[in-house]
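Encoded as structure tokens, the structure appears first; notes follow it.
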Amino acid sequence: MPYTSKNELAMRYYPCVSPCTAVRNLRLTLAQTPGLMQALEAAGYSKKQKLLTPRQVEIIEQHLGVP
């Protein structure tokens with residue numbers, strides 16, 4: 001599976017806003033969802049990365065649902 005950009009994933013979850021706002025909303029959601037950041041960090045996630053691994057996308061979808 002290819003890597004997914006954070007921007008692309010954010011637009012899937014927040015399709016009705018600008019890409020910048022979508023990424024901001026996704027970052028807030030990741031930080032506010034209990035257990036999600038811990039699971040992502042265990043999978044090697046860094047807040048500064050622009051590409052998400054397939055495993056990181058899977059973790060996000062497990063916590064937030066598939067967009």
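The values are calculated or read from the model by the stated rules, or taken from the named source; none is laboratory data. What you see is a predicted model; the values in this text were computed from it and never measured. Please note: Cβ atoms are built from the backbone with ideal geometry, for glycine as well, and neighbour counts cover all protein chains shown. Accessible surface is based on the protein model in full, side chains and every heavy atom, while ligands, DNA and RNA are left aside. Shrake-Rupley method; radii C 1.70, N 1.55, O 1.52, S 1.80 Å.
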task = Determine whether region 10-23 contains at least one residue that is open to solvent by less than 70 Å² (accessible area, probe 1.4 Å) and either among the basic types (Lys, Arg) or modelled with pLDDT under 95 (or both).
result = no
query = Is region 30-41 home to any residue that is outside any helix (DSSP H, G or I) and either surrounded by 13 or more Cβ atoms within 10 Å (Cβ to Cβ) or among the hydrophobic types (A, V, I, L, M, F, W, C) (or both)?
reply = yes
key: Where GLY44 falls short, out of the listed (1) open to solvent by 60 Å² or more (accessible area, probe 1.4 Å); (2) modelled with pLDDT of 95 or more; (3) assigned to a loop (DSSP other than H, G, I, E, B)   = (1)
